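Participant: Handing you a structure now.
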Amino acid sequence: MTRPIGKTIRVVIVDDHPMLREGTRVCLERAPGIAVVGVTGIGREAIHLVAEHRPDVLLLDLRLPDISGVEVARQVRAAYADTAIVVLTGYGDAGYLRALRPLGIRGYLAKTATDAEIVDAVRRAAAGCTMVTSQSEGEILTEPLTPREREILRRLVAGQRNAEIAAALLISAKTVEYHVSNIFTKLGARSRAEAIRIAHEQGILLLEDAGRNQE
Amino acid sequence: MPPRFQVPRPQRWAVAAIVILGLVSLGDLSLATAEQPPALGVRARQASGGLIVSWVQPGGLAWDAGVRPGDRIIAVDGRPVVATDAPSTVASTSEITTESGDGLVRTVPSRVLEPFTLSRLYRLAFIAIAASFAVVGVLIYVLAGDAIVGAIALGFSVAGAVLFLSLIAAPSGADWAVTARHAAALAFGAGALLLFLAFPVDRLRAPRGRRLAIGCLSATAVLLAAYGWTYFFRPAAYDALRPVTYAVLIGEVVGAGALLVAGLLATPAERRDIATPLSVVAVGAFVALAPPVCLILVPSLLDISSIVRPEIALLSLAALPASLGTAVLSRRFFGITRILRRGLVALLVWIALVGSYTAGFAGLARWSSGQNAPVPVDLAAPAATVALVAATFWPLQHRLRRALERRLFRDVYDYRATLRELSAELVQFGELSAVARHALDRLGRTLDLSWAAIELTAEPAPLRFRWEGDAVIAAPDEGGRHVIATSPAAYQVPLIADGETIGMLQVGAKRHDIDLLPEDRELIATVAPHLATALRNALLIRQLEAQVEALADRERTLATLNDRLLSVQEEERRRLALELHDDPLQRAIQLSRELGAWADCPRAGHWQEIVEDIIASLRAICDGLHPPVLDDFGLPAGLEWLAARLRAETDLDVRVAIEAVDGDPFGRLEPDLELALYRVAQEALNNCLKHAEARSITVTLRREPARVLLRVADDGRGPAANGVTGGSQVGLGLLGMRERLQRWHGRVALEGGQPRGAVLTAEVRLGEAHGDETDR
């Protein structure tokens, strides 16, 4: 969590959705020591912006209209290795994690993250520019369960089936499935049984109230 | 035979002109000589007893009358020889009386032959024959590419012309005319033999032919030398020379005839057509050869030359060219494509008939006269002769010719062999037009038809095949309006196969308007069922092929349509997913973020959960429509994602194994193929879930250099329980998978697993051209 004193963290934001892009920009510019030097919604333009401004951190959305965010990440990693990449995406699934990991992505941030979480992730990534450790990378890449996911994990532990959970929470089975899939990914589980075992071992559900401070 | 004719050369025209000029002069000379006082052909010398015959023109008037050297001349021009008479007076006398050593007294008048031989008609006929020789010979000479053939033909024709021209003058006993007649006859015989040694089949190139030619020429030369010796030294020896000369002459001419027959038989049928110059000349050669053969050689052979009546001879002379000419013009006489062979037959028949008429008349004359002296017979009155010939000649020659043709031309008239061969040959053809063409060609050639046609009505579009001469025209029957003008069919037979009339076999008359024989009709009627069967088979094959082609076409169209439907569907899903992602999802995310600022509000947690559900729900929908991982990371990631979803949904143990040869990364495939295989895997996993009651599923994706294999194996009830055929849903599923991969010619199979369960295998060969790729 250290960073060179007095140096402004320069950030480029890449997000194809204007509303979210603007929200992120406002949030980061409010934070002290962080300057947004470029904003775009297009993958190729993102690469140009990086080439031009050489930002400390690239906040990158994965779904872009022209080339995929993964491709942008790959090119940026190859050409401008001193730019840290924080992937800002809605997909909390295994495929992306697995594909992004070999690229040396510094941060992985859900789009639903709050302003504070975004600022924190940017700062940590910028710090990682000079001092990268496997721990820090692993920490950043580990995402906490959301309250909803906790709720569902609790019901899984209680032995409820997807359909029962859906009925109880008044949501669709597909939505439950999606949550369950995300829970598996976050816990590194391959099945329900495994997820329940990990939940017990790590005491995730016991620390329910401590929630976010756990990280 | 190589082509023997060429564009006429100028120098040959010049030679021909000189020859014609010479012949015309000779004709003039002959006519003039015939008007002169008769020459007896006798020379005398002064002897003790008066005048003794010292020389007789061999074959001359005096010689014919029996006067020989050594005879004593008793009287000259009707008065007794006196001592003062000089030997030279004998040469210009018109009548002498001699007494031979045995006391026989002969009177040689100037007019030995009847006045007829000196008549205009007689001369005109001989001039005509001479002219026909000259024309034929000059034609061959001018046209022949081969110089030897040309020279021989010219020599032959000149000899013939000289022979007949000198015959005009011969009755007057002129020395030159008698000698010329003798020499020309010898040259004519030799020329005929040589001509047909070299033409129409060149035998001169063979040693045997050359020996024959040399022998012929040597004999002629020896005979001519012998004649010269006789002429100058021993006129009496002509008695012995004359039969020898005749024998050689007859041998040569008969040999020439035999060579002509053999040559024509050896010439391929298609070359023996009236249209070729070769045939024109050959027919001309007939015309030239026939009169001397019929008028001189046949009577000579029969030793009746002295009693052939001039009227009959002239009738023959007129009848032969007339009948041959009529035959060539109307083509009735020859009848068929093998015109020369048939012409030859006609000639033989003609010779036989005329010969027998001649002999008959001669016998009749002898019988009526009771002695063998030339007799004027009333029967020979021209009217009676003409009536007899007119009544018997045509029907007789027709029947004789037909009989001879049947014996000679077995290929034409052996119907059984034709039928057998045709039946055997038809089996070998499978294609419709080949069958029709062959049958028509065979029938047309065998029967010498003017045309033959097959009309097929069995097909949706009627077909017509027409044979005419050498070409077969296949034309669609445009509602009966044929492009080809059709003469009315002489005979037609329905083509019936399996009790169904598939068309008609029609034939026109034989060529040259000859009517069909009963045997011809019989042959056609017998061939028809065989032909119909062969045609029907060919039709069925054709229909089958058309149906197969139509089915294949329909399948291709369906596949293309299906492919397009799938593409449209995928495109729509992609678009829907994108729209959901771009707007509602992003707004929900924004809302979620902004709720973060309201954390201290008591309801905030609840709202947060609702928003989170909305987001999750939208993402679930988007991913279900079109998983973005597939686009961004490829098929392995897509399959992992599928497996993860399945794990989250059920308690199934789902494993994904990605294999690539030699440890290479799996890499990316063509995007459409990735999507297709992804959908196949999705469908397969769904099937496992619904039907298999499995506990674990293994998805294997294996990439090899030339192919990609996708295996979905479960430990469920197996394909039999799933019911590939019984369970229509599984069956349809398989069908759907095949259609998905059809663009890449992929194969999908569902088999039993070991020890239990089912294995679905999809295989796609890489780099295989998928030519039916649709425009998307």
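Participant: Evaluate peptide B:607-619: per residue, the Cβ atoms of other protein chains within 10 Å of its Cβ; return the mean as an integer.
Facilitator: 6
Participant: Let me ask another. State, to one decimal in nm, how far the label point of B:Val661 lies from the label point of B:Leu396, with both points 7 Å from Cα in the Cβ direction.
Facilitator: Here the modelled spin labels are 9.5 nm apart.
Participant: Note down the accessible area of A:Met19, probe 1.4 Å, to the nearest 10 Å².
Facilitator: Spelled out: A:Met19, probe radius 1.4 Å, area about 60 Å².
Participant: What shape does region B:114-267 have by the C-alpha gyration tensor, where a ≥ b ≥ c are the square roots of the eigenvalues, rounded means a/c under 1.5, and otherwise prolate means a/b greater than b/c and oblate the rest?
Facilitator: Details: a/c = 2.28, a/b = 1.34, b/c = 1.71.
In terms of gyration-tensor shape, oblate.
Participant: Spin-label point model (7 Å from Cα, Cβ direction): what's the A:Ala167 to A:Ala116 distance in nm?
Facilitator: 3.9
Participant: Hey, if we sort B:Thr89, B:Thr107 by accessible area with the 1.4 Å probe, largest down, what's the order?
Facilitator: Order by accessible area, largest first: B:Thr107, B:Thr89.
Participant: Another one. Rounded, prolate or oblate: which one fits region B:39-108, using the alpha carbon gyration tensor with axes a ≥ b ≥ c (rounded when a/c is under 1.5, else prolate when a/b beats b/c, else oblate)? Could the numbers behind the result be given before it?
Facilitator: On the way: a/c = 1.42, a/b = 1.22, b/c = 1.16.
In terms of gyration-tensor shape, rounded.
Participant: In addition: Mind giving me the FRET efficiency for B:Asp515 and B:Arg120? R0 is 60 Å, r the Cβ-Cβ distance, nearest 0.05 is fine.
Facilitator: 0.90
Participant: Next question. Given a Förster radius of 22 Å and the C-beta distance between B:Val135 and B:Val15 as r, what FRET efficiency does 1/(1 + (r/R0)^6) yield to the nearest 0.05? List each step's numbers first, then the result.
Facilitator: Values: r = 15 Å, r/R0 = 0.68.
Calculated transfer efficiency: 0.90.
Participant: Net charge near B:Val76, counting Lys/Arg +1 and Asp/Glu -1 over other residues with Cβ under 10 Å of its Cβ?
Facilitator: -2
Participant: Okay, next question. Cross-link candidates for A:Lys111: which lysines have Cα within less than 22 Å, leaving aside residues fewer than 8 places away along the same chain?
Facilitator: Within reach: A:Lys174, A:Lys186.
Participant: Could you rank B:Arg399, B:Arg420, A:Arg21 by how accessible they are, 1.4 Å probe, largest area first?
Facilitator: Solvent-accessible surface, decreasing: B:Arg399, B:Arg420, A:Arg21.
Participant: How large is the Rg to Rh ratio of region B:568-712 when both quantities use alpha carbon positions and Rh follows Kirkwood?
Facilitator: 1.08
Participant: Note down the nm distance, to one decimal, between modelled labels 7 Å out along Cα→Cβ at B:Glu99 and at A:Ala158.
Facilitator: Result for the modelled spin labels: 17.9 nm.
Participant: Only residues of region B:432-452 count here: report those whose backbone N is under 17 Å from the spot 7 Å along Cα→Cβ of B:Glu522, or say none.
Facilitator: From region B:432-452, the list is B:447.
Participant: Taking 0.36 nm per residue of sequence separation and subtracting the Cα-Cα distance, how much length would be gained by fully extending the chain between B:Ala47 and B:Asp498, in nm to one decimal?
Facilitator: 151.9 nm
Participant: Ok, one more. Ranked from the most accessible area to the least, with a 1.4 Å probe and all protein chains present, what is the order of A:His17, B:His745, A:His53?
Facilitator: Ranked from most to least accessible, the order is B:His745, A:His53, A:His17.
Participant: What FRET efficiency would be calculated for the residue pair B:Glu35, B:Val82, taking the C-beta separation as r and a Förster radius of 41 Å, to the nearest 0.05?
Facilitator: The formula returns an efficiency of 0.85 here.
Participant: Under the rule of at least 5 residues apart or a separate chain, name every residue whose amide H is placed under 5 Å from the amide H of A:Arg63.
Facilitator: For A:Arg63, the qualifying residues are A:Gly69.
Participant: Show me the trypsin sites (Lys or Arg not before Pro) within region B:118-209 that DSSP assigns to loop and that have at most 13 other Cβ atoms within 10 Å of their Cβ. List each step's numbers first, then the result.
Facilitator: Values: sites: B:Arg120, B:Arg123, B:Arg181, B:Arg203, B:Arg205, B:Arg208; in loops: B:Arg203, B:Arg205.
Passing sites in region B:118-209 are B:Arg205.
Participant: Keeping every protein chain present and rolling a 1.4 Å probe, give me the accessible area per residue for region B:39-108 in Å².
Facilitator: It amounts to 44 Å² per residue over region B:39-108.
Participant: Let a ≥ b ≥ c be the square roots of the eigenvalues of the Cα gyration tensor of region A:147-214; is it rounded (a/c under 1.5), or, if not, prolate (a/b larger than b/c) or oblate?
Facilitator: It is prolate, given that a/c is not under 1.5 and a/b is the larger ratio.
Participant: Here is a further query. What does the structure give for A:189-196 when I average, per residue, the other chain Cβ atoms found within 10 Å of the residue Cβ?
Facilitator: Shielding by partners across A:189-196 averages 3.
Participant: Using 0.36 nm per residue, how much length does the chain from B:Glu431 to B:Val244 gain when fully extended, once their Cα-Cα distance is taken away?
Facilitator: 60.7 nm
Participant: Would you tell me the accessible area of B:Val162, worked out with a 1.4 angstrom probe on the heavy atoms of the protein chains, in Å² to the nearest 10?
Facilitator: Probe radius 1.4 Å; accessible area of B:Val162 about 30 Å².
Participant: Roll a 1.4 Å probe over the protein heavy atoms and report the accessible area of A:Lys174 in Å², nearest 10.
Facilitator: Its accessible surface works out to 110 Å², give or take rounding.
The values are calculated or read from the model by the stated rules, or taken from the named source; none is laboratory data. Owing to the predicted nature of the structure, the values given are computational and were not obtained by experimental measurement. Neighbour counts run over all protein chains shown; Cβ positions are idealised from the backbone, glycine included. We work out accessible area using only protein heavy atoms, side chains counted, and drop any ligands, DNA or RNA first. Shrake-Rupley method; radii C 1.70, N 1.55, O 1.52, S 1.80 Å.
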